[in-house]
Amino acid sequence: MADATRSHATAHAAPGTRSLVFERQIPHPREKVWRALTQSWLMEEWLMQNDFVAEVGHRFTVRAQPLPGWSGVTHCEVTLVEEPSQLAYRWGNGTESANGLITHITWTLQEHGGGTLLRMEQAGFRPNDGISFERMGGLWPRILERLEQVVHGH
């Protein structure tokens, strides 16, 4: 499958921070994409183990294999739920990562061309977060590819 992800880095998150922005056209209805973004068991298929619930204020964790300087656990909190068009959460609590990085992830879903235009923004990378910025910039296209596969399969 050709990579349908468009990406760019921006500097509009907060003064002195950077954002990663990716857009992907998914040939499925917005409600089906929303389901993959908000159902914990589907999220696990494209992201990580989690205890996500799409309720503002819900604190959840995502879990992966630990790495040097990272326990493998990221603490998050849902900040926005506007079904089926927008979802946002704080990613990280500043204590589980070596550098105290906290970002904000916003998903926007728009009906487009018989499918869904999905936009993901991870905002809040500080200038000294270059390694995390580059690492996540390389990971998100693969994560979005897996998300599309999950949407297609369910």
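The values are calculated or read from the model by the stated rules, or taken from the named source; none is laboratory data. Treat the numbers as computed from the prediction; the structure is a model and nothing was measured. Cβ coordinates were reconstructed from backbone atoms using ideal geometry, including for glycine residues, and neighbour counts include every protein chain displayed.
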Within segment 72-95, how many residues are modelled with pLDDT under 95 and among the polar types (S, T, N, Q)? 3
Quick check on my filter: what residues within segment 107-154 are modelled with pLDDT of 95 or more, basic (K, R) and part of a helix (DSSP H, G or I)? R142, R146
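Within segment 83-93, which residues are more than 20 Å from M136 (Cβ to Cβ) and either crowded, with 17+ Cβ neighbours inside 10 Å or not polar (S, T, N, Q) (or both)? First the steps, then the outcome.
Taking segment 83-93 as the starting set, the residues that turn out to be more than 20 Å from M136 (Cβ to Cβ) are 83-86.
Passing the criteria: E83, P84.
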Restricting the search to segment 60-82, which residues are over 20 Å from W140 (Cα atoms) and exposed (fewer than 15 other Cβ atoms within 10 Å of the Cβ)? P68, G69, S71, L80, E82
Of the residues in segment 101-145, how many are among the polar types (S, T, N, Q) and surrounded by 20 or more Cβ atoms within 10 Å (Cβ to Cβ)? 3
Only one of V53, V78 is assigned to a strand (DSSP E or B) and touching a residue at least 24 places away in the same chain (Cβ under 8 Å), namely V78
A98 fails exactly one of the following numbered conditions: (1) modelled with pLDDT of 95 or more; (2) in contact with a strand residue (DSSP E or B) (Cβ under 7 Å, 6 or more places away or on another chain); (3) surrounded by fewer than 13 Cβ atoms within 10 Å (Cβ to Cβ). What is the number of that condition? (1)
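R24: at pLDDT 95 or above, within 15 Å of the chain's Cα centre (by Cα), closer than 19 Å to Q122 by Cβ and basic (K, R), yes or no?
Details: at pLDDT 95 or above: yes; within 15 Å of the chain's Cα centre (by Cα): yes; closer than 19 Å to Q122 by Cβ: yes; basic (K, R): yes.
Considered against the rule, which asks whether it is at pLDDT 95 or above, within 15 Å of the chain's Cα centre (by Cα), closer than 19 Å to Q122 by Cβ and basic (K, R), R24 comes out as yes.
Quick one: how many residues across segment 130-154 are under 22 Å from P15 (Cα atoms) and touching a residue at least 60 places away in the same chain (Cβ under 8 Å)? Walk me through how you get there before you give the answer.
So in segment 130-154, the residues under 22 Å from P15 (Cα atoms) come out as 130-137.
Those still in the list that are touching a residue at least 60 places away in the same chain (Cβ under 8 Å) too: 133, 136-137.
Final tally of qualifying residues: 3.
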